[in-house]
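Every read-out reported here was derived from the displayed coordinates using simple, explicitly stated rules and does not represent laboratory data. All values derive from a computational prediction rather than experimental measurement. Glycine also receives a Cβ, built like all others from the backbone with ideal geometry; neighbour counts cover every protein chain displayed.
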Amino acid sequence: MLKYILLPVLLTTLSLACGPVDEEAEANKRFVEAVALLKAAESEPAAPAKLSLLEQAETTLQTIITRYPSTGLAVKLTSGQQIGNVSLTTVEAAVKDARGPACQAAPTSACVIAQALDLAQTLEWGQDSALVHITRALIDIALAQAQAEDRVEARATIAQALALAQTFDKTDRAVALPDIALAQARVGDRTGAQATIAQALALAQTLTDEEGRPLTDEGGRATLLAIVALAQAQAGDRAGAQATIAQASAFVQTLTDKQGQAMALGFVAQAQAQSGNHAGARETTSQVLALTQEIAQALPDGEGRGEALASLVFLWPQVKAGDTAQALALAQTFTHDWVRASALIFVARAQAQAGDRTGAQATISQALIHVQALTNERIRARVLDDIAPAQAQAGDRAGAQATIAQLQALTQTFPEESRTGVLASIAQSQAYMGDGVQALALAQTLTDKEQRVKALADIALALARVDAADT
């Protein structure tokens, strides 16, 4: 493609002057830089280096549009016109064409997430779910970048997540915005967090059901408000957090669903602790514990479904707020083996993400004891499916490989659709073990496009976390 993009470009751009002379000169300078990058890319044999040059050229052209919008060059680029034989559209296409070979040769978090986005745009079914999954991965990638002290990249990744979230319908956007605000606060972007919080709060007030009636106890509005309060507290806005906590607590009082109550109050407790109200946080946590016990007892069918529900509503707020100690204490109280193992793995991954690999490996060892007691092959496979990437993330390469072998042997007779999740889990584990090439190759074998998108997003996150751990 580059061969015909880069026919000799006539740099007669000075004749395009229609704005301030200094802006025209700067725009022309940038355009010359972009052309030089494109020519270098044309002769570059290494796929990753070629992609890097093309991306730099694309960014340079975008800079002309954003910084010098009134110049002749910007007008032509924005409208898709050719300048010589170069246009923004052809450069974007060249970047997209180069991304595949470059990623196959040397996968990076950025190029894999870009592949996921490209594939998601082609989905006829499941596109919304896939894009939501990508947005969550982008948020976690940003937190990994911040952990590696790369706050500039972290903010850029969050901006990408925010732009994607703005395309969602109201409900999905309402769910995504509080998490984005929380991430912005954690990477030090208080101004961005405050703007996203304001948008999230306004949106929470307008949520309606399918018949257009305002949502009260449906849709998790109380939980969304509680997450916003947590973001406000982390952004330093204690007064705003307290006001939102009060609003969330008022909604909780209207709930009849104990699961909804427990989930919302779990985040309220975290927001209270972050905003300095430790006594209130302890009292709210006690309420949550009481509710989880009621939830666990509500399904006395011997299969542990009540406990599983209780583990979800309590552990999610704890882990999202980084409180792994309290989450671990609760996980150890569950009596059903599969619930306890799953809860322990959930906590172990949070420990690994926080840098506590020793603690994560110890927690995984506890989980494995309960896995050995499982006789139902499908349940056992589902738990092992979570354990392999957790072991890899915690740095236990040998353990992850052993679990993968066990998982492959166990699922050989399973239907193909049941094995898709197993393959995705193995690919994610490979990425955590530093084998991005093999992980990407395995993900590309998934025939279900939606599952492939999600697997690619998970691989991108794993690669980002590996990079952060190595920094």
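Against the longest alpha carbon principal axis of the chain, how many degrees, from 0 to 90 and to the nearest 10, is the axis of helix 377-393 turned? Once rounded, one gets 50 degrees. With R₀ fixed at 25 Å, the C-beta to C-beta distance from residue 36 to residue 81 puts the FRET efficiency at about 0.75. Placing a label point 7 Å from the Cα of residue 402 along the Cα-to-Cβ direction, the residues of region 429-466 with a backbone N closer than 20 Å are 429-434. Note on the chain: percent of Cα-Cα distances in each 20 Å bin, starting at 0 and stopping at the bin with the largest distance, equals 21, 51, 23, 4.
Can you give me the angle between helix 258-274 and the longest principal axis of the chain, using Cα atoms only, in degrees from 0 to 90, rounded to the nearest 10? Between the helix axis and the principal axis of the chain, the angle is about 70 degrees. Measuring nothing but how far apart in sequence close Cα pairs (under 8 Å, 6+ apart) lie, relative to its length, the chain scores a relative contact order of 13 percent. Here residue 447 and residue 409 are evaluated by their C-beta separation; at R0 = 25 Å the FRET efficiency comes out at 0.70. Here region 34-175 yields Rg over Rh of 0.99, to two decimals, using C-alpha coordinates and the Kirkwood radius. Partner aspartates and glutamates whose Cα lies under 15 Å from the Cα of residue 50, excluding those fewer than 8 positions away in the same chain, are identified as 42, 58, 92, 97. Relative to the longest principal axis of the Cα atoms of the chain, the long axis of helix 221-234 lies at roughly 70 degrees.
With 23 Å as the limit, the listed pairs 76/96; 170/449; 258/320 have 170/449 beyond it between alpha carbons.
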